[in-house]
Amino acid sequence: MEKSNQLSEEQIIQDLLPQKFGRRGMIWTAILILFCLVGAYAYYRQLRYGLVVTHMRDYVSWGIYISNFVFFVAISLVGSLITAIFRLAKVPWRTPLTRISEMIAISAITFAALIIIVDMGRPERLLNLFTHGRIQSPILWDVIVISTYFCISLFLLYVTLIPDIKIMMNVKDKITKPFHKIYRWLASFWKDQSDQEKIRDRIITILCITIIPVAFCIHTVTSWLFATTYRPGWDSTNFGAYFVSGAFLVGAGGVVVAMYAFRRAYKLERYITDMHFDKMGRMLVLLSLLYLYFNVNEYLIPAFKMKKSEASHLTQLFSGEYAPMFWFAILVGMIIPIFVLLFKKGRKPLPMFIVGIMVVVGAWFKRYLIVTPTLLHPLLPMQEVPESYHIYFPSWEEWSISLGSLAGALLIITILARYFPVISIFKTLEDEKEKSA
Amino acid sequence: MSCKCNKEEGCQNNNSRREFLLSGLAATMVAVGCSDKTSPFIPEETIALTGEKVKLLSVDGEVIEIDKAYLKPVPDITHLTNKQEREGMAGKKFVMVIDLSRCKNLKKCQSACNHAHQVHPGQNWVKVLSMDDADHSAPYWQPTTCMHCDEPPCVKVCPVDATFKRQDGIVLIDSNRCIGCRFCMAACPYTTRVFNWEDPIQAVVTDNSMPQENMDSKQHYSCETSLPQKKGTVGKCDFCPDMIRKGELPHCVSACPNGVFMFGDMNEDAVTNGAETYRFSDLIKDKAGYRLMEDLGTKPSVYYLPPVNRSFPFESGLENQLPADQMNHSK
């Protein structure tokens, strides 16, 4: 934080306060809402006519919804990575990144839960999970850990926000009236006293410690939805670690993209500095290498043996129908980022932004590849079904709902950033005080 | 199917009644007042005659004709409770033996099953797969049902106990509870499960004499008949426990003209295809019976007898094969 040394308290507050949408912000939000509406209409059609509007059929019984779900769960892991691990490890440059990653975590986990309801054939029977739930089913484990993670993440975001809300309440001019009421409701009890601060600090530490195992659980359990079956490509003991490492990678990529976007939109160059991008770049290299390592385990070791059940699945990925997507996900999602980020110039904000997008897009397709091709290789031959059952390409309803959910997640982040500071004002002031002391 | 007849009841054995029964509304027709003598059973209210006459066979063996308006449906079986359906039949362990040497891909099993369970075309519960295990091995036809595993992977993963294993060995689905997550479909290594992606077809196959909504609301759902099927839930071969309770064989077993399927109770150590009955243990021992994917540890209740000394050459079944599957011979 070399540059922010000269900043005054008023300047920091002024810089970090949430800002009204400019024209670009309005257009951005309108586009997101439009996507959400199209998705909502597609979901209405799905409710009316049934899952027949999707192109999922008896063999490919899980499609883009489930891969989207896995993607959301993966990206939501970043909240725990940046906030909790960095805090416990006392990483000094974490302040401008924590709030962003918590916001990403909250929005992603919300849409993970929503998209799994979209995938259900009988969403109105959701409560059966509680009235007839059987603890031996990995789905129930997922319900438990995802709701736990959601609560901890929300609480963590809230607790870290309290002093900032207090600060915003004191600066009345910029904030619109109706939201002032909400701010008061959220944080009027906060008195800025040291004993309150002590409690808050304790709470954050406890939350940070608890969120790490829960975060590992959400993605490990999600991987078990696949790994508890006998299907080639899913029947793997590597799956938990493979999913968690992938989740850290895509989450970090997502944070880099958001860092760049907020820095540009809110003019935060003095807070999110090149140094932050440089550090995150190094992180990304490490995480890409880690994910690559698990990919080698996941694909090359079965390919060495080429068991009959795995062979058709693996050849379809390596050189068959799914090869372009597979190599795209491997190259764009992992290998090219590693090479770009090894160079100092590659870790500048703009190249980092592009690499971040590559990582996220690659990760999305990677999730698609984990779900769909496996289902096209059942253990008994695919016969006696209409020809359309032999292939899977999502219908427009599936695309709309999936894009709508992605837009919805971005919309939540946008709205949160509209009403709450994307960088903790309180923490930045504190850091500043420490610097000058 | 048995019919109970007494003085006031008649049995009508035409197509409309069969459809009537098959569409899940188990009912017999009761003709009231079929003789010209004044009967004490004539209801108080006057019935508007339709003018349409129905022929019935009286207990004396006479064919009598009465107006259709006098027919009214009466349920012939008392419904089992959900609990009874989930528990299954005490002291039984049902088992199926499929003799691959007798199968020539006639698919009579499939059409009987599809008809009885109102299965969507293309979502067959019974599939006849053309198998060829290796490059130089002999191809054969393999009818595939639900394996009714003793360690069912589908039951393990179901989050709401909608699919369950009964004491008689049958794995069933409770479509009133299924949330449609399709985890069981992913978990089943035999890919035997199908999903009601759209409205089930029983809306189409209804008896003409009754208005459709009336029919749907009256039709009692049973896990044992798997009817009426419900949109957004999973379906699969159920071993026809409703037939077993009547003392009859599952539809696929009785439909097969070649006696490929044999069904029975392992505790009685007997299986039958309707025409021949075998001691189960001897049959498996003598013909080297086996189960599919034994290495997975799922312990299926369906046994296969290897395709040796075949009744038909493999080629004789090719004409019944779907064009798409001719390319996709085996995996």
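The values are calculated or read from the model by the stated rules, or taken from the named source; none is laboratory data. This structure is a prediction, so every number in the text was calculated from the model and none was measured. Quick reminder, even Gly has a Cβ in these numbers, built from the backbone with ideal geometry, and neighbours come from all protein chains shown. What goes into the accessible areas is simple: the full protein's heavy atoms, side chains included, and nothing from ligands, DNA or RNA. Shrake-Rupley method; radii C 1.70, N 1.55, O 1.52, S 1.80 Å.
Below, the figures for the structure above:
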| read-out | value |
| --- | --- |
| Sites excluded, GluC sites (Glu not before Pro) in DSSP loops with at most 14 other C-beta within 10 Å, longest stretch of chain A | A:3-268 |
| Prolate/oblate/rounded label for segment A:82-185 (Cα gyration tensor, a/c 1.5) | oblate |
| Relative contact order of chain A, pairs being alpha-carbon contacts under 8 Å that are 6 or more residues apart, as % | 34 percent |
| Cα-Cα P(r), segment A:1-99, percent of pairs per 10 Å interval | 11, 20, 28, 22, 13, 5, 0 |
| Value in Å of the Kirkwood radius, where the protein assembly as shown supplies the Cα pairs that are averaged | 29.8 Å |
| Exposure of residue A:26 as accessible area (Å², to 10), given a probe of 1.4 Å and all protein chains | 110 Å² |
| Protein accessible area in the protein assembly as shown, 1.4 Å probe - carbon and sulfur % | 61 percent |
| Probe 1.4 Å, accessible area per residue of segment A:1-67, Å² | 55 Å² |
| Cα-based Rg of chain A normalised by 2.2 N^0.38 Å, two decimals | 1.02 |
| Partner chain coverage, peptide B:171-178 - average Cβ within 10 angstrom | 2 |
| Net charge of neighbours whose Cβ lies under 10 Å from the Cβ of residue A:70, counting Lys and Arg as +1 and Asp and Glu as -1 | +2 |
| Ratio of the Cα radius of gyration of segment B:82-327 to 2.2 N^0.38 Å, where N counts its residues | 1.01 |
| Ranked by how many other beta carbons lie within 10 Å on average, peptides A:39-49, B:92-102, B:243-253, B:133-143 from highest | B:92-102, B:243-253, A:39-49, B:133-143 |
| Quotient of C-alpha Rg and 2.2 N^0.38 Å, computed over segment B:281-325 | 1.53 |
| Label point distance in nm, residue A:212-residue A:327, each placed 7 Å from Cα along Cα→Cβ | 4.0 nm |
| Whole-Hz couplings from phi, Karplus 6.51/-1.76/1.60, listed for segment A:274-284; x for Gly and Pro | 4, 4, 5, 5, 4, 5, 5, x, 4, 4, 4 |
| Cα shape, segment B:95-146, gyration tensor, a/c 1.5 rule | prolate |
| Long-range amide H partners of residue B:222 with built H, under 5 Å | B:227 |
| Segment B:82-327: relative contact order as a whole-number percent, Cα under 8 Å and 6+ apart | 30 percent |
| nm² value of the averaged projected area, convex hull over the Cα atoms of segment B:45-141 | 13.8 nm² |
| Karplus (6.51, -1.76, 1.60) ³J(HN,Hα), θ = phi - 60°, over segment B:153-170, in Hz, Gly and Pro reported as x | x, 5, 5, 4, 8, 5, x, 10, 6, 7, 10, 8, 9, 9, 5, 8, x, 7 |
| Cα coordinate range in segment A:135-234, projected on the principal axes (Å, largest first) | 61, 30, 22 |
| Built amide H within the under 5 Å cut-off of residue B:163, gap 5+ | B:174 |
| Equivalent ellipsoid semi-axes, segment B:214-280, via Cα gyration tensor eigenvalues times 5, rooted, Å | 29, 12, 11 |
| Förster-model FRET efficiency, 45 Å R0, residue B:318 and residue A:49, C-beta, rounded to 0.05 | 0.75 |
| Gain on full stretching of the segment that runs from residue A:301 to residue A:274 - 0.36 nm per residue minus C-alpha separation | 5.8 nm |
| Distance in nm between pseudo-label sites at residue A:388 and residue B:290 (7 Å out along the Cβ direction from Cα) | 3.8 nm |
| Mean Cβ neighbour count within 10 Å, used as a protection proxy, ranking A:143-151, A:241-249 highest first | A:241-249, A:143-151 |
| At most 14 other Cβ within 10 Å, DSSP loop - chymotrypsin sites (Phe, Trp or Tyr not before Pro), segment B:230-271 | none |
| Shape call, segment A:220-337: gyration tensor on alpha carbons, a/c limit 1.5 | prolate |
| Mean ellipticity per residue at 222 nm, deg cm²/dmol - from DSSP H runs of n ≥ 4 across the protein assembly as shown, formula -39500 (n - 2.57) | -15000 deg cm²/dmol |
| Per residue, the convex hull volume that the Cα atoms of segment A:68-117 enclose (Å³) | 52 Å³ |
| Peptide-level mean, for A:116-122, of C-beta atoms on other protein chains within 10 Å | 5 |
| Surface accessible to a 1.4 Å probe, residue A:153 within the full protein complex, Å² | 10 Å² |
| Segment A:43-60 - phi-based ³J(HN,Hα) in whole Hz, Karplus 6.51/-1.76/1.60, Gly and Pro as x | 5, 4, 4, 5, 5, 6, 9, x, 5, 5, 5, 7, 9, 6, 9, 4, 7, 8 |
| Partner chain coverage, peptide B:126-133 - average Cβ within 10 angstrom | 3 |
| Surface accessible to a 1.4 Å probe, residue A:237 within the full protein complex, Å² | 150 Å² |
